[in-house]
Amino acid sequence: MVIGLLGFGTVGGGVYEMLRDRMCMDVKYVLCLENPEGLAGKLVRSVDQILSDDTVDTVVEVMGGLHPAREFVLQAMAAGKNVVTANKLLLAECYEELTKAAAQNHVALRCTAAVGGGIGWLTALERCKRTERVHELTGIMNGTTNYILDTMQTRGVSFADALHQAQELGYAERDPAADIDGEDILNKLVVSANVAFDALLQKADVPVFGIRSVQLADMQTFRERGWCCRLIASAEHYGEGVCAVIEPTLVRATDMEAAVHSNFNLISFISPNAGKQSFYGQGAGRFPTAYNVVQDLLDVAAGKKAFYAPLGARLPVDNDSFVRQYYVRTTLDDPFLSANVAEIWPTGIVTAPLSAKRMHAWADDALERDPGLFFAALR
Ligand code: HSE
């Protein structure tokens, strides 16, 4: 296998190092705009040099971002090259375009590292679907937010300090807003649901509430009542549609998710024969992510061409039947909340059961009046 590596950042460097002693995998080119040491003779500034070399059969895209990653990947496939990528944003935004391009050009497109970092989550879904349908998936899919919530709750560290630590440790996205406001986990949920349900979800259809406004006082309240806060993505396939939502969620201190510390991820799916299966591991970081890129390369080298799932029809998202009680902290004196109070906690109220559709619609509107508002579903 002769490889062109697009990107030499945290993940790219890890992939390069893991492949260095693998005789059957030759990284012939590295596309990088800086001048890292030890790449003599491999460093190129233009993707054309890689795409025009017929000896390169596989391109590894670990640049991240949408552009020019999308253009480079499409050009690579059009040139007959297999593609392995860890880019969840690219997959979530261009799922239909990329999976069609791979099929039309008879090349492989693999992206296991895009969801769950070092966890073989997408390949587990792929294997499950050989025997049955997946009807539900749920989990902690973002290491940075888990690190922040866990560090706040267990060590009493402020949100800002916990975020800073996550950045120092290399878990956070270049712009950490993508982590704390939920875009990163949204990308992962969309790709997972598309694979799990043979679907085509649109990001804009999935309501998202992140953890930007959580405070230590909220954490204290949760701890005193035996709850633990996690940012959880959920999707459920029913009839002709899906419920899909991303929101801070209070789990019982004895639940599995509460035992997920630091930047670890825990993702589960439910299928008729296997029941619930959960996958735990490093969801971010240099070598865990590089590990799954290399696993994908080995699959491609072994001749695997098919994508994880067939491309399905666009599925509507409707969260009317996704009903929870919600913890809400706000400075607003709001008639909707007043009409739905079930309990009063020291820092906020707990609502009567509400659909995720109503709760997120209310919060979208209320945030304009109280930007510091925080809410979390009780599971
Ligand atoms: N920022 C991401 C996370 C990196 O924290 O999970 C891995 O996708």
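The values are calculated or read from the model by the stated rules, or taken from the named source; none is laboratory data. All values reported here derive from a predicted model rather than from experimental measurement. A quick note on method: Cβ atoms are made from the backbone with ideal geometry, for glycine too, and the neighbour counts reach across all protein chains shown. Accessible surface areas use protein heavy atoms only, side chains included; no ligands, DNA or RNA. Shrake-Rupley method; radii C 1.70, N 1.55, O 1.52, S 1.80 Å.
Only one of the numbered conditions (1) surrounded by fewer than 18 Cβ atoms within 10 Å (Cβ to Cβ); (2) among the aromatic types (Phe, Trp, Tyr); (3) in contact with a Gly (Cβ under 7 Å, 6 or more places away or on another chain) is not met by Tyr238, and that is (3).
Can you tell me which residues in segment 23-48 are exposed (fewer than 13 other Cβ atoms within 10 Å of the Cβ) and within 17 Å of Val300 (Cα to Cα)? Result: Met23, Cys24. Taking segment 269-312, which residues are more than 18 Å from the chain's Cα centre (by Cα), within 18 Å of Asn194 (Cβ to Cβ) and either within 15 Å of the ligand (Cβ to nearest atom) or open to solvent by 40 Å² or more (accessible area, probe 1.4 Å) (or both)? The answer is Ile270, Ala306, Pro310, Leu311. Among the residues in segment 170-188, are any modelled with pLDDT of 95 or more and polar (S, T, N, Q)? Within segment 170-188, one or more residues are modelled with pLDDT of 95 or more and polar (S, T, N, Q).
If the condition is being among the charged types (D, E, K, R) and either assigned to a loop (DSSP other than H, G, I, E, B) or within 16 Å of the ligand (Cβ to nearest atom) (or both), then segment 210-225 contributes Arg212, Arg225. Of the residues that make up segment 2-18, is at least one surrounded by 20 or more Cβ atoms within 10 Å (Cβ to Cβ), hydroxyl-bearing (Ser, Thr, Tyr), in a strand (DSSP E or B) and at pLDDT 95 or above? No, segment 2-18 contains no residue that is surrounded by 20 or more Cβ atoms within 10 Å (Cβ to Cβ), hydroxyl-bearing (Ser, Thr, Tyr), in a strand (DSSP E or B) and at pLDDT 95 or above. Evaluate segment 49-72: report whether one residue or more is assigned to a helix (DSSP H, G or I), out of contact with any helix residue (DSSP H, G or I) (no Cβ under 9 Å at 6 or more places or on another chain) and surrounded by fewer than 19 Cβ atoms within 10 Å (Cβ to Cβ). Within segment 49-72, one or more residues are assigned to a helix (DSSP H, G or I), out of contact with any helix residue (DSSP H, G or I) (no Cβ under 9 Å at 6 or more places or on another chain) and surrounded by fewer than 19 Cβ atoms within 10 Å (Cβ to Cβ).
Any residue that is open to solvent by 10 Å² or more (accessible area, probe 1.4 Å), over 18 Å from the mean Cα position of the chain (by Cα), more than 22 Å from Ser268 (Cα to Cα) and of a type in the set (S, T, N, Q) - is there at least one of those in segment 160-175? Taking every residue of segment 160-175 in turn, at least one turns out to be open to solvent by 10 Å² or more (accessible area, probe 1.4 Å), over 18 Å from the mean Cα position of the chain (by Cα), more than 22 Å from Ser268 (Cα to Cα) and of a type in the set (S, T, N, Q). Residue count for segment 139-159, restricted to those that are open to solvent by less than 30 Å² (accessible area, probe 1.4 Å), away from the ligand (no atom under 16 Å from the Cβ) and among the β-branched types (Val, Ile, Thr): 1. Against the numbered list (1) assigned to a helix (DSSP H, G or I); (2) over 21 Å from Leu298 (Cα atoms); (3) touching an Asp or Glu at 6+ places or on another chain (Cβ under 9 Å); (4) open to solvent by less than 40 Å² (accessible area, probe 1.4 Å), Ala76 comes up short only at (2).
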